[in-house]
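Structure first, commentary second.
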There are 2 protein chains.
Amino acid sequence: MKKQALERVAGNGLINRRHLLGAGLAGMGMAVSNSVLGADAGNLEIPGWSKQPGPGASAYGGPSRHADHLQRMAGAPNPIYPGGGASRSPLQHLQGTITPNSLHFERHHAGIPDIDPAQHKLVINGLVRQPLVFSYEDLLKYPMVSRVYFLECSGNSGALLRGAQGGTAQSLHGLVSGAEWTGIPLSTLLDEAGVLPEARWIAAVGADAASMGRSVPLGKALDDTMLALFQNGEPVRPGQGYPMRLFNPGWEGNTSVKWLTQIKLTREPVHFRDETSKYTDTLPDRRSLQFTFPMGTKSLITSPSGQMSLPGQGIYKVTGIAWSGSGSIRRVEVSADGGRSWADALIESNQFEKALTRFSIPWEWTGAGAVLQSRATDSAGDIQPTRDSILADKGTISTYHNHCIQSWNVDGAGEVSNVYV
Amino acid sequence: MKKQALERVAGNGLINRRHLLGAGLAGMGMAVSNSVLGADAGNLEIPGWSKQPGPGASAYGGPSRHADHLQRMAGAPNPIYPGGGASRSPLQHLQGTITPNSLHFERHHAGIPDIDPAQHKLVINGLVRQPLVFSYEDLLKYPMVSRVYFLECSGNSGALLRGAQGGTAQSLHGLVSGAEWTGIPLSTLLDEAGVLPEARWIAAVGADAASMGRSVPLGKALDDTMLALFQNGEPVRPGQGYPMRLFNPGWEGNTSVKWLTQIKLTREPVHFRDETSKYTDTLPDRRSLQFTFPMGTKSLITSPSGQMSLPGQGIYKVTGIAWSGSGSIRRVEVSADGGRSWADALIESNQFEKALTRFSIPWEWTGAGAVLQSRATDSAGDIQPTRDSILADKGTISTYHNHCIQSWNVDGAGEVSNVYV
């Protein structure tokens, strides 16, 4: 097996991202002799599971019992906020760009309503030529569009602006997931109702007990907003808005109103409870920014990440996800020395508009301390900011829309933890 | 609400695919007056699920109880073929292009082995400079690639060549699914082992009790074949080969050997039991074609489809999936008159290489009989054939690789059934 010299591309062990693509560098495989293996590897012990048939095909598949650590992190029920709260995706255990529906993050304001689709109605009214009521069966007849998008809660990563100690990729950043969403372009339904010239906003209301409502500018609603009916091929699940939700690609998750039951065309935003009591960005001078919709250009190293342990010196794969609410990911850089030097990561996946993009880079850990960071640049040229720059701009009264660079410290014992540098 | 004249684009009710995209044609929504609705639709009855909080976030989500018909169709256990058999995806209930992992079709030759990834080994040997043994942990360190691909069993749709009566999209065609597969380009691992010049094939063997083995030409193995470790973001599930499988994009599914434990580089194909007793195409003159790998250019209307009932005259959405093992889908046409006239369908999804593509077209059912068909053309210009042309070419001794046009009959009562025209 040929061994090449490591091409260092940035400080503290980052290696050319192309090196492991066939250059024989990694040497992860244990070299063995054909005589040890025998012509057919017959001298390797045959494991028990190869010796007798296993169970056959089933009606509904599940994960391996060795993968039962793939669970969301859900908060405990809160008696003064019944059904409220969130669950977070186990980002440190996922790869690729799609999140399985069972592991997609949730955020509820009054729990999950148990909706019978045969009884559910969607009303479009307000400033329209003709108010309309749609049944679920009606809506299934429309042409749809299928696109892969990320969804992120505006509060994701907010704890870092408040100086949270410790934490994992999941606990700190797990309010982002990716899926193929299938639904009706909202413009189709609005055109049917006939939007009056004076309409400027839509007011979207959910059928949950919170009557969660958000105002969305008409321009977005006529652009790429969809009425989502399917997620990763199957009907949207109850935790995601069954039987239907609004979906505003790239915008803060709460605007993608779940269990959608009404869209009212209006001149002005409605100032729903949930867009005044929550989801405004209060600045240090106490002015509050409203309707700060797009999620920022962001990336995150998911492995190695908080509370992982590196078992020993050697070559590791640094991998993570990047996304932007304003376009596609053009570039991801990684630093192993806390931002002093940077190297371009390999892009492993498609780079769709407003979707998760997977990156990686090989890294040699020598046993010395290291601070791992990633930094995304999107198709608009926006570069992920540092925490200091966000704190200087926005302070910490509100911690929505935190898209700062995450720093993971690796100490001499290989323990990985969240740090601020 | 404006109503336009229907633009007929082919016989027996097919309508311009752009019509429902905002032209106000569909009229699925019930027109109501603002006075009935009230300014806030307050006169619609508030359903019970909106009146009290529901359950909160959970660690692992599930589908709605109203979607419990989304199940695979699994054959009954067969005592003389323990663990053998298949389960079929509920294509008629899915939308978009991704199949949830729980609903992805399965095909097992000796059931599902219960593999401990910490004990599993992957051997690369044979005509290599240096035989290698990899652990699961080793392999997780490699750069990976994430791509959306279809997977189809070579026996899918075979019953139609044998003249099967009745059936559904699921029972007849459910051995095809779509997913984002993430894994290591196999070329990376082969380069590490060092392929000797005389090698022409790889022999891939699974760790199941069938020792399922397939020979794959080296050219494919060095092209887009991957060692797949993740499916739709999570570790490949036991039914799909946990902890790892081979994945040959576009090729018959059995070559994507599950529970992969050995890749041996060889001069010639091995002629494994499963590539001689099965998976050869025996022609009418009794010659058998071997190694007929790519799956043909194919499409299928998933709705309306067999055993569905149309509740009454009116406009329906005809939708389905198309795919090709040799490229991307360029065009899908639909006929409502048994192939006498055709209209272009709308493409609703991305059109990836070797992946499912979703199409639709609106159709007005007048209550008269109709035969619905779809016909795909791929990026190589290959057009999906008729059943008659496949029967003329290949006969019915073997029924693998059937990619013929499916005909769904709609009778005067709106009952949909599989027919041969």
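Every number here is computed from the coordinates shown, using simple stated rules; none is lab data. Since the structure is predicted, the reported quantities are computational estimates derived from the model, not experimental observations. Don't worry about glycine lacking a Cβ; one is built from the backbone with ideal geometry, like all the others, and counts go over all protein chains shown.
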Once both labels are modelled 7 Å past Cα along the beta-carbon direction, what's the B:A59-B:E137 spacing in nm? 2.4 nm
Among B:I383, B:I321, which comes first, then next, by fewest other beta-carbon atoms within 10 Å? B:I383, B:I321
Would you give the gap between the C-alpha center of the range B:152-205 and the C-alpha center of the range B:216-245, rounded to a whole Å? 10 Å
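Can you sort A:T276, A:T386, B:T357 by how many other beta carbons sit within 10 Å, fewest first?
Details: A:T276 13, A:T386 16, B:T357 28.
Result, fewest neighbours first: A:T276, A:T386, B:T357.
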Note, ³J(HN,Hα) from phi for the range B:106-118, Karplus 6.51, -1.76, 1.60, rounded to Hz, x at Gly and Pro: 10, 8, 10, 9, 8, x, 9, x, 9, 8, 8, x, 5
So for the pair B:L6, A:D393, with labels modelled 7 Å out along Cα→Cβ, what separation do we get in nm? 5.3 nm
So what does log10 I(q)/I(0) come out to for the range A:181-317 at q = 0.19, 0.22 Å⁻¹, using the Debye formula with one equal point on every Cα and no solvent? -1.10, -1.35
For A:D116 and A:R200, FRET efficiency with R0 = 41 Å and r from the beta-carbon atoms, rounded to 0.05? 0.75
Reachable lysines, given that their alpha-carbon falls under 27 Å from the alpha-carbon of A:K264 and they are not under 8 places away in the same chain: A:K121, A:K141, A:K220, A:K278, A:K354, B:K2, B:K3, B:K51, B:K317
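Hey, what number do you get for chain B at 222 nm if only DSSP H runs of n ≥ 4 count, each worth -39500 (n - 2.57), divided across all residues, to the nearest 500? Provide the component values of the computation, followed by the final result.
Working: 7 runs with 38 residues, N = 421.
Helices in chain B give a 222 nm mean residue ellipticity of -2000 deg cm²/dmol.
Assign one of three labels to the range A:377-418, namely rounded, prolate or oblate, based on the Cα gyration tensor with a ≥ b ≥ c the square roots of its eigenvalues; rounded applies when a/c is under 1.5, prolate when it is not and a/b is larger than b/c, and oblate otherwise. Please list the in-between numbers first.
Values: a/c = 3.19, a/b = 1.55, b/c = 2.06.
Oblate, since a/c reaches 1.5 and b/c is not below a/b.
How big is the Rg/Rh ratio for the range B:298-419, C-alpha atoms only, Rh by Kirkwood, two decimals?
On the way: Rg = 14.5 Å, Rh = 14.8 Å.
Rg/Rh: 0.98.
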Under a Gaussian network model of chain A whose springs join Cα atoms within less than 10 Å, the largest fluctuation of A:L151, A:L229, A:L103 belongs to A:L103
Is the shape of the protein assembly as shown best called rounded, prolate or oblate, per the rule: a/c under 1.5 gives rounded, else a/b larger than b/c gives prolate, else oblate, with a ≥ b ≥ c the square roots of the Cα gyration tensor eigenvalues? oblate
Of A:A86, A:A355, A:A67, which has the largest mean-square fluctuation in a 10 Å C-alpha GNM of chain A? A:A67
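Averaged across the residues of A:113-123, what count of C-beta atoms belonging to other chains lies within 10 Å of each residue's C-beta?
That average works out to 5.
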Residue by residue through B:82-92, how many Cβ atoms from other chains fall within 10 Å of the Cβ on average? 3
Specify whether the C-alpha gyration tensor of the range A:324-396 places it in the rounded, prolate or oblate class, a ≥ b ≥ c being the square roots of the eigenvalues: rounded for a/c under 1.5, otherwise prolate if a/b is larger than b/c and oblate if not. oblate
If we hang a label 7 Å off Cα along the beta carbon direction at A:G62, how far is it from the matching labels on the other copies, in nm, shortest first? 1.0
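Given R₀ = 22 Å, what would the calculated FRET efficiency be for B:T282 paired with B:T386, taking r from the Cβ atoms and rounding to 0.05?
Details: r = 21 Å, r/R0 = 0.97.
Taking R0 as 22 Å, the efficiency between B:T282 and B:T386 is 0.55.
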What are the label-to-label distances in nm, one decimal and shortest first, from A:I383 to the same spot in the other copies, with labels 7 Å along Cα to Cβ? 5.4
Say a label goes 7 Å from Cα toward Cβ at A:D116 in every copy; what distances in nm does this one have to the rest, shortest first? 5.0
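Counting other beta carbons within 10 Å of each Cβ, put A:I405, A:I329, B:I46 in order, fewest first.
So the ranking, lowest neighbour count to highest, is B:I46, A:I405, A:I329.
Extension gain B:R162-B:I46, at 0.36 nm per residue separation less the Cα-Cα distance, in nm?
Working: separation 116, 0.36 × 116 = 41.76 nm, distance 5.34 nm.
The span from B:R162 to B:I46 would gain 36.4 nm if fully extended.
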